[in-house]
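Contents: one structure, followed by commentary.
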Amino acid sequence: QVYTSSEIQRVGRVAFELARKRQNRVCSAEKANVMESGKLWRQEITKLHEAEYNDVELTHMYADNCAMQLLKYPHQFDVLVTDNLFGDILSDEAAMLTGSLGMLPSASLGAVDPSTGKQHAMYEPVHGSAPDIAGQGKANPLATILSFAMALRYSFGRGDLADLVEEGVQNVLGRGIRTGDIMSEGCKVVSTTEMGDALIEALQQHKKAA
């Protein structure tokens with residue numbers, strides 16, 4: 001929990017830049033009421049917002065209340081920015097809102113290089129490699145596919161293609177197609193390959209309709 005002003009500002013800039021590509025809202029979570037690091041975090045995020053990102057809506061929330069609000073009304077959040085400690089806890093909690101880690105994409109974004117405007121980034125599913133089910137056709141490929149959608153949106157500036165991929169995933173899930181980790185009553189369980197094929201079919205149908 002050792003933070004410097006420059007590091008908080010670096011993380012904050014990533015959050016505000018992401019918000020500009022989404023719904024333009026950032027919620028900053030910390031414990032400024034009891035932790036010195038939380039006080040510094042709130043101070044620096046507020047200062048950065050006022051100086052560079054006053055076009056983005058900023059709210060503050062104590063991390064324990066944020067944990068409750070994620071379960072109570074998750075749609076109130078757009079971009080949630082927090083430190084490493086609370087981020088580790090809140091991200092795992094948010095993961096289970098989807099029902100499975102197999103649904104969760106992630107992006108590790110570096111700071112934008114001011115000289116080139118470019119940004120180092122790595123996109124991957126939240127989950128690990130799951131060697132216990134390797135070769136069995138049980139893995140949910142959607143987190144990997146949605147990670148690719150994030151790359152399209154945040155690294156390549158192709159939000160239109162990212163929307164297409166995400167809508168395809170929603171289409172497949174809406175038809176009740178499930179891998180075992182997200183299986184529920186009344187749905188059809190499929191293999192890893194079959195889930196990928198179903199998504200390709202959904203995208204082809206969208207292309208024909210367009």
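The values are calculated or read from the model by the stated rules, or taken from the named source; none is laboratory data. Please read these numbers as outputs of a predicted model, since none were measured by experiment. Quick reminder, even Gly has a Cβ in these numbers, built from the backbone with ideal geometry, and neighbours come from all protein chains shown. Surface areas here come from the heavy atoms of the whole protein model, side chains and all, with no ligands, DNA or RNA. Shrake-Rupley method; radii C 1.70, N 1.55, O 1.52, S 1.80 Å.
Annotations for the structure displayed:
- Test result for THR144, β-branched (Val, Ile, Thr), more than 21 Å from the chain's Cα centre (by Cα), on the phi < 0 side of the Ramachandran plot and surrounded by 15 or more Cβ atoms within 10 Å (Cβ to Cβ): no
- LEU203 being open to solvent by less than 50 Å² (accessible area, probe 1.4 Å) and either at pLDDT below 95 or closer than 15 Å to GLY102 by Cα (or both): no
- Pair list, Cβ < 6 Å and 6+ apart or interchain, from the range 37-58 residues that are closer than 15 Å to THR82 by Cβ and touching a residue at least 12 places away in the same chain (Cβ under 8 Å) to residues that are part of a helix (DSSP H, G or I) and among the β-branched types (Val, Ile, Thr): TRP41/ILE8; GLU44/ILE8
- Applying the condition of being charged (D, E, K, R) and within 21 Å of LYS207 (Cβ to Cβ) to the range 147-179 and asking which residue is least open to solvent (accessible area, probe 1.4 Å) yields ARG153.
- Considering the conditions (1) at pLDDT below 95; (2) open to solvent by less than 30 Å² (accessible area, probe 1.4 Å), PRO74 is excluded by exactly one of them, (2).
- The residues on offer are ALA111, ALA95, and the sole one that is hydrophobic (A, V, I, L, M, F, W, C), surrounded by 11 or more Cβ atoms within 10 Å (Cβ to Cβ), farther than 24 Å from SER191 by Cβ and in contact (Cβ under 8 Å) with a residue 24 or more places away in the chain is ALA111.
- Considering residues of the range 74-113 that are among the polar types (S, T, N, Q) and part of a helix (DSSP H, G or I) only, the residue farthest from GLU36 (Cα to Cα): GLN76
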